[in-house]
1. Take every Cα pair under 8 Å in the chain that's 6+ residues apart, average their separations, divide by the length, and report that relative contact order as a whole percent.
2. Which FRET efficiency value, to the nearest 0.05, do you get for residue 195 and residue 300 by plugging their Cβ-Cβ distance into 1/(1 + (r/R0)^6) with R0 = 41 Å?
3. Strictly over 21 Å apart at the Cα level, which of 77/168; 127/176; 4/260; 77/260; 4/198; 4/276 would you flag in this model?
4. I'd like the FRET efficiency for residue 171 and residue 258, computed as 1/(1 + (r/R0)^6) with the beta carbon distance as r and R0 of 51 Å, rounded to 0.05.
5. Dividing the alpha-carbon Rg of the stretch 39-148 by 2.2 N^0.38 Å yields what?
6. Rolling a 1.4 angstrom probe over the protein heavy atoms, how many square angstrom per residue are accessible across the stretch 131-285?
7. For Cα pairs less than 8 Å apart in space and 6+ apart in sequence, what is the mean separation divided by the residue count of the stretch 103-202, i.e. the relative contact order in percent?
8. For Cα extents along the principal axes in Å, pick the label among (i) 54, 46, 39; (ii) 78, 40, 35; (iii) 56, 42, 36 that corresponds to the value derived from the coordinates.
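The values are calculated or read from the model by the stated rules, or taken from the named source; none is laboratory data. All values reported here derive from a predicted model rather than from experimental measurement. FYI the Cβ positions are ideal-geometry reconstructions off the backbone, even for glycines, and counts take in every protein chain you see. Ligands, DNA and RNA are excluded from the accessible area calculation, which covers all protein heavy atoms including side chains. Shrake-Rupley method; radii C 1.70, N 1.55, O 1.52, S 1.80 Å.
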Amino acid sequence: MAIKSYLPGELGFGTAPLGNMFRAIPDEEAAATVEAAWNNGIRYFDTAPFYGAGLAEIRLGEVLADHPRDDYVLSTKVGRIILDEIEDPAARDLGEKGGIFEHGRPNKIANDYSADATMRSIEDSLKRLRTDHLDFVWVHDVAQDFYGDEWVAAYESARTGAFRVLQKLRDEGVIKGWGLGVNKVEPLEMTLDLDEPKPDGFLLAGRYTLLDHERALQRLLPAAEAQNVDIVAGGPYSSGILAGGQHFEYQKAPAAIIAKVERIKALAEQHGVSIKAAALQFSLAHPAVAATIPGATRPSRIAEDVAAHAETVPAEFWTALRAEGLIAQHAPVPHA
């Protein structure tokens with residue numbers, strides 16, 4: 001079954017920043033941010049062991065433990081085991097994402113997509129999240145950005161390990177659904193081509209945004225829609241550059257991206273639109289997209305996200321973006 005029917009709304013909360021992404025966040029600030037999400041009506045939370053080597057899960061679990069489990073939807077990921085051994089977080093080889101969690105816990109992270117590791121990962125996550133069940137489980141980062149030329153081998157390991165375990169757990173009713181959580185389109189296209197196992201949804205980060213959507217529009221989103229596989233759009237602000245930040249693709253934004261953002265901002269100002277509203281609502285406009293999960297580390301950002309989701313964006317703004325070649329001609333846009 002598609003995951004849309006289980007989601008409490010279009011706006012969720014992505015907890016990668018709570019793993020001390022880019023900066024060390026005080027525990028109190030992290031807790032206040034999760035509480036702000038709750039107080040603003042957000043009831044879908046996504047996390048992963050990888051985020052700060054378990055830190056995001058621990059912080060999320062501490063806050064959610066004070067709320068009834070049936071009142072929220074929770075997803076986490078498998079593919080990485082957090083060990084008791086210690087390493088230097090800044091020295092980890094994370095492919096294109098080097099240094100992203102250098103302020104996280106120093107626990108060693110082991111990549112493992114096997115069946116046994118998948119079960120262990122889920123058990124460890126349940127403990128860190130202080131809960132007895134998960135709603136969705138995503139297979140994390142089996143893609144080029146982390147594994148380079150070896151990504152297909154990592155994918156095959158997941159296909160014969162994690163995929164089968166998660167499908168079995170779904171069929172047994174232990175979880176409501178499973179899929180992949182990645183930053184690239186190709187692994188998702190490969191998964192849709194499989195006869196078995198069949199995913200329920202995908203978490204696609206950064207590839208269906210105002211700044212980057214052409215590739216996903218070509219084949220992935222039409223195929224997902226045809227197969228009733230829902231997309232959760234992660235990273236709607238493209239690592240922050242569309243929300244006033246300086247990062248794109250988890251690194252300092254290059255000049256070409258900064259220039260494109262400035263052009264979008266100029267049109268947004270002309271039409272009285274906040275760029276956050278433009279980014280959020282664009283990602284949600286495609287019928288294959290069930291929800292989006294912006295992240296935050298400051299409580300004030302949550303209210304901004306909720307306001308951006310509710311903001312009325314005039315049709316003329318989208319027309320202007322199209323005319324300037326800033327969005328694809330055939331990209332769906334929200335109805336005003």
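1. In percent, rounded to a whole number, it is 19.
2. 0.30
3. Among 77/168; 127/176; 4/260; 77/260; 4/198; 4/276, the Cα-Cα distance tops 21 Å for 4/260; 77/260; 4/276.
4. 0.60
5. Rounded to two decimals, the normalised Rg is 1.08.
6. Each residue of the stretch 131-285 exposes 37 Å² on average to a 1.4 Å probe.
7. 30
8. Of the listed options (i) 54, 46, 39; (ii) 78, 40, 35; (iii) 56, 42, 36, (i) comes from this structure.
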